[in-house]
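Written below as structure tokens is the structure these notes are about.
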Amino acid sequence: PELKHLAEKLNSNQSGRQNINLNGKEYFLTFDKMPINNWTVALLVSKKDLYELVLNTEKTINDIYTDIYTKYIKNFLIIFIVGVVISLLIFNKIIIKPIEVLRRSVKKLGRGNFDIKLKEKGIREICDLSISFNKLGSQLKEYTENIEKQKALETELKIASELQNSVLPKVTDEF
């Protein structure tokens, strides 16, 4: 009865799709009438085979997608990590090292070494600090030299005064 109904449908001028059960197996049928010669073309495919093909294709696409996605994530992470490492190296060279040099130089300056000169290069703020540090060192050196000269002069005056007092007679009311 089902085959008779199917044959009637195929002989009519209709087109369509239909699920069919033949000998306990599920099939998918699609058919259409060709206008050129009035033939009916039909395609009968086992649902199991059709879905297996679709599932295999879906699995293949999912595998490809997962592989591409995984490679994309790995590449992104590698590029990100390399970028972070390069950024840290640049940050270290441009900011950390000059500040470390400045810190060590300030310690030396604090111990009395006023002849230290920093390189006046790098980012603007570090360069400004270096210029100010060099100026401070020069001013402190000049100031300490002036103090030493003043101490030497005071010492000479004290010695001269003592010498003068010992050589010259004391002036008293008796004269």
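None of the figures in this text is laboratory data; all of them are computed from the coordinates on show. Keep in mind it's a predicted model, so treat the numbers as computed, not measured. Heads up, the Cβs are rebuilt from the backbone with ideal geometry, glycines too, and the neighbour counts pull from every protein chain shown.
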| message | Output the 0 to 90 degree angle, nearest 10, between the alpha-carbon long axis of helix 2-11 and the longest principal axis computed from the alpha carbons of the chain. | response | 80
| request: Note down the relative contact order for the range 1-99 as a percent, whole number, built from C-alpha pairs under 8 angstrom at least six residues apart. | output: 14
| query | How much FRET efficiency would the formula 1/(1 + (r/R0)^6) give for PHE28 and TYR65, where r is the Cβ-Cβ distance and R0 is 25 Å, rounded to 0.05? | reply | 0.40
| Taking the chain as a Gaussian network, where each spring joins two C-alpha atoms under 10 Å apart, which residue of THR66, THR144, THR155 fluctuates the most? | THR155
| said: Quick check: residue separation of SER12 and LYS108 times 0.36 nm, minus the Cα distance between them. What number comes out in nm? | reply: 24.0 nm
| field | Unit charges on C-beta of K, R, D, E only; dipole of the chain, Debye | value | 460
| Say each of ILE81 and SER132 gets a label point 7 Å from the Cα, pointing the same way as Cα to Cβ; how far apart are those two points in nm? | 4.1
| query | Under 17 Å from the Cα of LYS74, which aspartates and glutamates turn up, not counting those fewer than eight places away in the same chain? | reply | ASP63
| request: Please give the contour-minus-distance gain from GLU162 to LYS141: 0.36 nm per residue of separation, less the Cα-Cα distance, rounded to one decimal in nm. | output: 4.4 nm
| message | Running a GNM on the chain with Cα contacts under 10 Å, which residue among LEU44, LEU102, LEU136 ends up with the highest mean-square fluctuation? | response | LEU44
| task | Please tell me the relative contact order of the chain in percent, rounded to the nearest whole number, where contacts are Cα pairs under 8 Å and at least six residues apart. | result | 9
| note | Of the residues SER138, ILE79, PHE114, the Cα lying farthest along the dipole of the range 71-138 towards its positive end, which is defined by charges on the beta carbon of Lys, Arg, Asp and Glu, belongs to ILE79
| query | Across 10 Å bins from the origin, how do the percents of Cα pairs in the chain run, short distances first? | reply | 7, 14, 10, 9, 8, 7, 7, 6, 7, 7, 5, 3, 3, 2, 2, 1, 0
| task | Note the full-extension length gain between LYS119 and LEU89 as 0.36 nm times their separation in residues minus their Cα-Cα distance, in nm to one decimal. | result | 8.8 nm
| Rel. contact order, % - alpha carbon contacts under 8 angstrom, at least six apart, the range 87-170 | 22
| task | Go ahead and estimate [θ] at 222 nm for the chain from helices alone: -39,500 (n - 2.57) per DSSP H run with n ≥ 4, summed, over the residue count, rounded to 500. | result | -23000 deg cm²/dmol
| request: Name the lysines eligible as straight-distance cross-link partners of LYS158: C-alpha to C-alpha under 29 Å, and not fewer than 8 places from it in the same chain. | output: LYS141, LYS149, LYS170
